1. What does the C-alpha gyration tensor say about the overall shape of region 27-68? Classify as rounded when a/c is under 1.5, otherwise prolate if a/b is larger than b/c, or oblate.
2. Does region 1-44 come out rounded, prolate or oblate by the C-alpha gyration tensor, with a ≥ b ≥ c the root eigenvalues, rounded set by a/c under 1.5 and, if not, prolate when a/b is larger than b/c and oblate if not?
3. Per DSSP H run of n ≥ 4, the term is -39500 (n - 2.57); total these for the chain, divide by its residue number, and report the mean residue ellipticity at 222 nm rounded to 500 deg cm²/dmol.
4. Taking a ≥ b ≥ c as the square roots of the eigenvalues of the Cα gyration tensor of the chain, is the shape rounded (a/c under 1.5), prolate (a/b larger than b/c) or oblate?
5. Distance in nm between label sites at residue 83 and residue 20, each 7 Å beyond Cα in the beta-carbon direction?
């Protein structure tokens, strides 16, 4: 199944029209056209959650809190968020 199919299902149960103006919902990082090899769900995309996804060959992490909540100027691995994206 493609990641875009999973996103479409999630948008049925949690429509984008219900998000607040400050929310950052949807696919944050990645390619929605790739095949999904597995899904990890979590409250946050912490380092341990990302590592678990790697260890279990899961290429989709669905979280309640987005890893990027506001604009980033660079991704250098300097802080927690940048480390997860680099």
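1. Oblate shape, in that a/c is at least 1.5 and b/c is the bigger or equal ratio.
2. Details: a/c = 1.91, a/b = 1.62, b/c = 1.18.
Prolate, because a/c is 1.5 or more and a/b exceeds b/c.
3. Details: 3 runs with 26 residues, N = 86.
The helix contribution divided over the chain gives -8500 deg cm²/dmol.
4. Details: a/c = 1.81, a/b = 1.12, b/c = 1.62.
Judged from the Cα gyration tensor, the chain comes out oblate (a/c at least 1.5, b/c at or above a/b).
5. My value for the distance between the label points is 2.7 nm.
Quick note: the coordinates plus some simple rules give every number you see, no bench work behind them. Bear in mind that the values here come from a model prediction, so they are computed numbers and not experimental data. Cβ sites come from the backbone with ideal geometry, for glycine too, and all protein chains shown count toward neighbours.
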